[in-house]
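Have a look at the structure below before the remarks.
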Amino acid sequence: MASLESTGCAALSKTYLDRSVYIGEGTHASIQARSLLTTAERLFYEQGFHATGIDRIVAAVVAVR
């Protein structure tokens, strides 16, 4: 990947922050992430994307635990 300086975006290079995260297989975090995404997908299908807020997803995940 080309650096921001080499693409002519030197001003952006000072403010760019890579926020990507790798969650390994089988870790507690990956199990929680998979649960959250599965629950969100189910609620989007049942209630519609615009009718499903983050509060409703989190409440459903907590209720399952």
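The values are calculated or read from the model by the stated rules, or taken from the named source; none is laboratory data. Since the model is a prediction, treat every value here as computed from it, not as a measurement. Here the Cβ positions follow ideal geometry from the backbone for every residue, glycine too, while neighbour counts run over all protein chains shown.
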Query raised in the report: Hey, among the residues in the range 31-53 that are out of contact with any helix residue (DSSP H, G or I) (no Cβ under 8 Å at 6 or more places or on another chain), on the phi < 0 side of the Ramachandran plot and small (Gly, Ala, Ser), which one's surrounded by the most Cβ atoms within 10 Å (Cβ to Cβ)?
Result: Ala33
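Results for (1) modelled with pLDDT of 60 or more; (2) among the small types (Gly, Ala, Ser), shown as yes or no for each residue.
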| site | (1), (2) |
| --- | --- |
| Ser3 | no, yes |
| Leu12 | no, no |
| Leu17 | yes, no |
| Ala33 | yes, yes |
| Arg42 | yes, no |
| Arg56 | yes, no |
